[in-house]
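A.B. asks: Pasting a structure below so you can have a look.
The values are calculated or read from the model by the stated rules, or taken from the named source; none is laboratory data. Fair warning: this is a prediction, and the values are worked out from it, not measured in the lab. Cβ sites come from the backbone with ideal geometry, for glycine too, and all protein chains shown count toward neighbours. Surface areas here come from the heavy atoms of the whole protein model, side chains and all, with no ligands, DNA or RNA. Shrake-Rupley method; radii C 1.70, N 1.55, O 1.52, S 1.80 Å.
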Amino acid sequence: KAGVTQTPRYLIKTRGQQVTLSCSPISGHRSVSWYQQTPGQGLQFLFEYFSETQRNKGNFPGRFSGRQFSNSRSEMNVSTLELGDSALYLCASSLLVAGGQETQYFGPGTRLLVL
Amino acid sequence: QQQVKQSPQSLIVQKGGIPIINCAYENTAFDYFPWYQQFPGKGPALLIAIRPDVSEKKEGRFTISFNKSAKQFSLHIMDSQPGDSATYFCAASKFGGSEKLVFGKGTKLTVNP
């Protein structure tokens, strides 16, 4: 099976702009989570979508939003970009096995640089 | 509030050495503790995971030790190789649900030849 794919891989934006990142989960996976990774804060959970509904949300401002489509692909949007939004944005998809644990499979990430 | 504390931040060992990375958690509701390995330019990949009903789990050269009373767990890499050089993250969550993973801040491991 193909892994989690994220596009674009690299992005440069300026302050005040908005950006949309895309994630295609592993085929059959219905849960998609987004994380922000920075050297200072590490990996921080943004939000999770399951069957087109946001199921969990982290502690990020409302400028960060997401959505999931019927084919499980997901997008996240950051509006009014700030310098501190520069980070690697990781998408992870997972499949819940009955009686088991959701294992998250990460994509390679989108590196966002805000100037 | 950092719920999972990881140490050290960086670690350098010689080939064949046994690096040990430690994590401590606060939330007693956590009952699933995975370790992820991340190479530059790649996303994290699940390495090994443990639940509190066992004190140790081995998979190949990787071993997790778990101390429930101390709320600590650690990763040991036996006979480390230069190819093990990567950043390692511990994480915690509740087992079996949709709870998000809470990650430690990572340990950059360098294994010198």
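Yes/no matrix, rows are residues, columns are (1) in a strand (DSSP E or B); (2) closer than 20 Å to B:Tyr36 by Cα; (3) of a type in the set (Val, Ile, Thr); (4) in contact with a Ser or Thr (Cβ under 9 Å, 6 or more places away or on another chain):
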site	(1), (2), (3), (4)
A:Ala2	no, yes, no, yes
A:Ser22	yes, no, no, yes
A:His29	no, yes, no, yes
A:Gln36	yes, yes, no, no
A:Tyr105	yes, yes, no, yes
A:Pro108	no, yes, no, yes
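A.B. asks: Residues in the range A:6-23: is at least one within 14 Å of chain B (Cβ to nearest Cβ), of a type in the set (A, V, I, L, M) and under 21 Å from B:Tyr32 (Cβ atoms)?
C.D. replies: Checked against the condition, which is being within 14 Å of chain B (Cβ to nearest Cβ), of a type in the set (A, V, I, L, M) and under 21 Å from B:Tyr32 (Cβ atoms), the range A:6-23 yields no hits at all.
A.B. asks: Ok, one more. Would you check which residues across the range A:1-45 are surrounded by 21 or more Cβ atoms within 10 Å (Cβ to Cβ), modelled with pLDDT under 95 and aliphatic (A, V, I, L, M) and list them?
C.D. replies: A:Val32, A:Leu43
A.B. asks: Kindly indicate whether any position in the range B:100-109 is in a strand (DSSP E or B), touching a Gly at 6+ places or on another chain (Cβ under 7 Å) and either open to solvent by 10 Å² or more (accessible area, probe 1.4 Å) or within 14 Å of chain A (Cβ to nearest Cβ) (or both). Before you say what the answer is, go through the steps one by one.
C.D. replies: At the first step, the residues of the range B:100-109 found to be in a strand (DSSP E or B) are B:102-103, B:107-109.
Filter again for touching a Gly at 6+ places or on another chain (Cβ under 7 Å), leaving B:103.
Next, from what is left, pick out any that are either open to solvent by 10 Å² or more (accessible area, probe 1.4 Å) or within 14 Å of chain A (Cβ to nearest Cβ) (or both): B:103.
The answer is yes; a qualifying residue exists.
A.B. asks: Now for a separate question. Taking the range B:8-41, which residues are within 13 Å of another protein chain (Cβ to nearest Cβ) and surrounded by 14 or more Cβ atoms within 10 Å (Cβ to Cβ)?
C.D. replies: At the first step, the residues of the range B:8-41 found to be within 13 Å of another protein chain (Cβ to nearest Cβ) are B:9-10, B:23, B:30-41.
Selection gives B:Cys23, B:Phe30, B:Asp31, B:Tyr32, B:Phe33, B:Pro34, B:Trp35, B:Tyr36, B:Gln37, B:Gln38.
A.B. asks: From A:Arg67, A:Arg15, A:Arg55, which residue is of a type in the set (D, E, K, R), assigned to a strand (DSSP E or B) and over 24 Å from B:Ala49 (Cα atoms)? If you could, list the steps in order and put the result at the bottom.
C.D. replies: Values: A:Arg15 fails: assigned to a strand (DSSP E or B); A:Arg55 fails: over 24 Å from B:Ala49 (Cα atoms).
Just a single option satisfies the conditions, and that option is A:Arg67.
A.B. asks: From the list B:Phe95, B:Phe89, exactly one residue is touching a residue at least 24 places away in the same chain (Cβ under 8 Å), facing chain A (nearest Cβ under 10 Å) and not in a strand (DSSP E or B). Which is it?
C.D. replies: Sole residue among the options that is touching a residue at least 24 places away in the same chain (Cβ under 8 Å), facing chain A (nearest Cβ under 10 Å) and not in a strand (DSSP E or B): B:Phe95.
A.B. asks: If you go through the range B:64-75 one residue at a time, do you hit one that is buried (at least 19 other Cβ atoms within 10 Å of the Cβ) and in a loop (DSSP other than H, G, I, E, B)?
C.D. replies: No, that holds for no residue.
A.B. asks: Across the range A:33-60, what is the number of residues that are farther than 13 Å from A:Gly109 by Cα, of a type outside the set (D, E, K, R) and more than 10 Å from chain B (Cβ to nearest Cβ)?
C.D. replies: 5
Conditions (1) on the phi > 0 side of the Ramachandran plot; (2) touching a His at 6+ places or on another chain (Cβ under 9 Å); (3) without any contact (Cβ under 8 Å) to a residue 24 or more places away in the chain, marked per residue:
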{"residue": "B:Ser10", "(1), (2), (3)": "no, no, no"}
{"residue": "B:Cys23", "(1), (2), (3)": "no, no, no"}
{"residue": "B:Gln38", "(1), (2), (3)": "no, no, no"}
{"residue": "B:Leu47", "(1), (2), (3)": "no, no, no"}
{"residue": "B:Val54", "(1), (2), (3)": "no, no, yes"}
{"residue": "B:Ile64", "(1), (2), (3)": "no, yes, no"}
{"residue": "B:Phe73", "(1), (2), (3)": "no, no, no"}
{"residue": "B:Ile77", "(1), (2), (3)": "no, no, no"}
{"residue": "B:Leu109", "(1), (2), (3)": "no, no, no"}
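A.B. asks: Something else now. Pairs, please: C-beta under 7 Å, at least 6 apart or cross-chain, first residue at positive phi and in the range A:60-75, second open to solvent by less than 50 Å² (accessible area, probe 1.4 Å)?
C.D. replies: A:Ser72/A:Pro25; A:Ser72/A:His29; A:Ser72/A:Val32
A.B. asks: So, of the residues in the range A:61-115 that are β-branched (Val, Ile, Thr) and within 11 Å of another protein chain (Cβ to nearest Cβ), which turns out to be least open to solvent (accessible area, probe 1.4 Å)?
C.D. replies: Once the filter is applied, the top-ranked residue is A:Thr110.
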